[in-house]
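Participant: Before I ask anything, here is the structure I am working with.
The values are calculated or read from the model by the stated rules, or taken from the named source; none is laboratory data. Model, not experiment: these values are computed from the prediction. So basically every Cβ, Gly included, is an ideal-geometry build from the backbone, and we count neighbours across all protein chains shown. Side chains are part of the model used for accessible areas, which takes the heavy atoms of the whole protein and leaves out ligands, DNA and RNA. Shrake-Rupley method; radii C 1.70, N 1.55, O 1.52, S 1.80 Å.
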There are 2 protein chains.
Amino acid sequence: MTPPPRPADALTLEVVDLIATVVARYHEEYEEAAARHSLTGAQARVLALLAREPLPMRKIALKLKCEPSNITGIVDRLEARDLVERRPDPDDRRVKLAAATEEGRRTAARLRESLHFAREPLAGLSETERATLRDLLRRMLGEQA
Amino acid sequence: MTPPPRPADALTLEVVDLIATVVARYHEEYEEAAARHSLTGAQARVLALLAREPLPMRKIALKLKCEPSNITGIVDRLEARDLVERRPDPDDRRVKLAAATEEGRRTAARLRESLHFAREPLAGLSETERATLRDLLRRMLGEQA
DNA sequence: TATTGTTATACTCTATAACTATA
DNA sequence: TATAGTTATAGAGTATAACAATA
């Protein structure tokens, strides 16, 4: 199950460290952006998801990798602010589809636009460099899929 | 304060998306690794910090970017498991230095080793490619510092 | 007076288990 | 009987405000 430990060279460790920094910065900015809209990180993630398409409660839990029971409360709070609504699923009466309201979609859009991280610093790289970065990240991620 | 919105090209958005994926994967794995040692993410981060050097409670809060009052509970729980201890600061009797115990340092080391993310997938890149990735990430991060 | 750590409080997120209404 | 969503519960993280000890 666990891959065998492998001695990492200095270069690899440096890249791992840089990635850890990117992760920390990204998270900070995401939480701050959510807070500017009086949303928690979890609420912002659910809203961003529902702004794309309505989803059954259970699927939201799968995407967020948490227990379905947690989604109830998060959607409750978004619904109380009219950012999200629950609809019946015509095909299965057990299912409730959570969907972003018009206002919810507007909030999600503003939130997305306020996420400058990675976009601003990326502007300092040339197009060729951005393409190189894209290819390297793709290969990094692709091998795990 | 807020930088002016800038229309992002498709390439930039793709890179931003890849970075978001990296962030999600990294976080997942970090939480899982912490859970394998019966630690929460926050506890693991504090322990990793203290495994390097003892720190005043207040400095831990600064590094984690949270309120100092929260650190009390996190260190309490680490201390209850003998992974961390509180020591007086000889120079300022108001200050308490939190320090990892021998067992705490061992746990932190095992935790660090179990973080395969970014290390394993990086193995698929050549040394030249890893160096290129390092330089691009450095430039991305450096411009914000 | 200001600072350090703590306590008290309230809210949110999280997992677990039990419940309901459907299928 | 299995599944979707919910409720109840308990533990943990978080911010805010107020406090004691020390500077």
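Participant: Bin by bin, in steps of 5 Å, what percent of the Cα pairs in segment B:40-114 do you find, going until the bin that has the longest distance?
Facilitator: Per 5 Å bin, starting at zero, the Cα-Cα P(r) for segment B:40-114 comes out as 3, 18, 31, 26, 15, 5, 1, 0 percent.
Participant: Suppose only helical runs count, i.e. DSSP H with n ≥ 4. What mean residue ellipticity at 222 nm does that imply for chain B under -39500 (n - 2.57) per run, divided by all residues and rounded to the nearest 500 deg cm²/dmol?
Facilitator: When only DSSP H runs of four or more count, the value is -20000 deg cm²/dmol.
Participant: Also, quick follow-up: Taking the solvent-accessible surface of protein heavy atoms with a 1.4 Å probe, what is the per residue accessible area of segment A:26-81 in Å²? Intermediate results must be reported in sequence, preceding the final value.
Facilitator: Numbers: 3130 Å² over 56 residues.
I get 56 Å² per residue for this part.
Participant: Please tell me the relative contact order of chain A in percent, rounded to the nearest whole number, where contacts are Cα pairs under 8 Å and at least six residues apart. Before the final figure, lay out the partial values.
Facilitator: On the way: 113 pairs, mean separation 31.4, N = 145.
In percent, rounded to a whole number, it is 22.
Participant: Give me the percent of the accessible area of the protein assembly as shown that comes from carbon and sulfur atoms, probe 1.4 Å, all protein chains in place.
Facilitator: 51 percent
Participant: Another question, then. Distance cut-off 28 Å, Cα to Cα: go down the list B:Lys63/B:Lys96; A:Lys96/B:Lys65; A:Lys65/B:Lys96; B:Lys65/B:Lys96 and report the pairs above it.
Facilitator: Long pairs (Cα-Cα over 28 Å): A:Lys96/B:Lys65; A:Lys65/B:Lys96.
Participant: Please determine, in degrees from 0 to 90 and to the nearest 10, the orientation of helix A:68-80 with respect to the longest principal axis defined by the Cα atoms of chain A, where the helix direction is its Cα long axis.
Facilitator: The answer is roughly 70 degrees.
Participant: Going toward the positive end of the dipole of segment B:40-114, with +1 on Lys and Arg Cβ and -1 on Asp and Glu Cβ, which of B:Ala108, B:Val75, B:Gly41 do you reach last?
Facilitator: Farthest towards the positive pole: B:Gly41.
Participant: Another one. Any idea how far the Cα center of segment A:117-138 sits from the one of segment B:17-73, in Å?
Facilitator: 28 Å
Participant: How many nm is it between the label spots at A:Lys65 and B:Ser69, if each spot is 7 Å from the Cα in line with the beta carbon?
Facilitator: Computed distance between label sites A:Lys65 and B:Ser69 equals 3.2 nm.
Participant: Place a point 7 Å from the Cα of A:Glu53 along the Cα-to-Cβ direction; which residues of segment A:68-97 have their backbone N under 15 Å from it?
Facilitator: What the label zone holds, given the 15 Å backbone N cut-off, is A:97.
Participant: At 0.36 nm per residue, and after removing the present C-alpha to C-alpha distance, how many nm does the segment from A:Glu28 to A:Val95 gain when stretched out fully?
Facilitator: Separation in residues times 0.36 nm, less the Cα-Cα distance, equals 20.7 nm.
Participant: For chain A, what mean projected area does the convex hull of the alpha carbons give, in nm²?
Facilitator: 12.1 nm²
Participant: Could I get the Rg over Rh figure for the protein assembly as shown? Both from C-alpha atoms, Rh via Kirkwood, rounded to two places. Write out the running numbers ahead of the final one.
Facilitator: Values: Rg = 21.2 Å, Rh = 21.3 Å.
Dividing the radius of gyration by the Kirkwood radius yields 0.99.
Participant: Another one. Between A and B, buried accessible area summed over both sides at probe 1.4 Å, in Å² to the nearest 100?
Facilitator: Looking at A and B, the buried total is near 5100 Å².
Participant: Further question on the same structure: What FRET efficiency, computed as 1/(1 + (r/R0)^6) with R0 = 30 Å and r the Cβ-Cβ distance, is obtained for A:Glu120 and A:Ala20, rounded to the nearest 0.05? The partial results should precede the final answer.
Facilitator: Working: r = 20 Å, r/R0 = 0.67.
Efficiency for this residue pair is about 0.90.
Participant: For segment B:1-85, what mean projected area does the convex hull of the alpha carbons give, in nm²?
Facilitator: Working: hull surface 31.5 nm².
With the hull built on Cα positions only, its mean projection is 7.9 nm².
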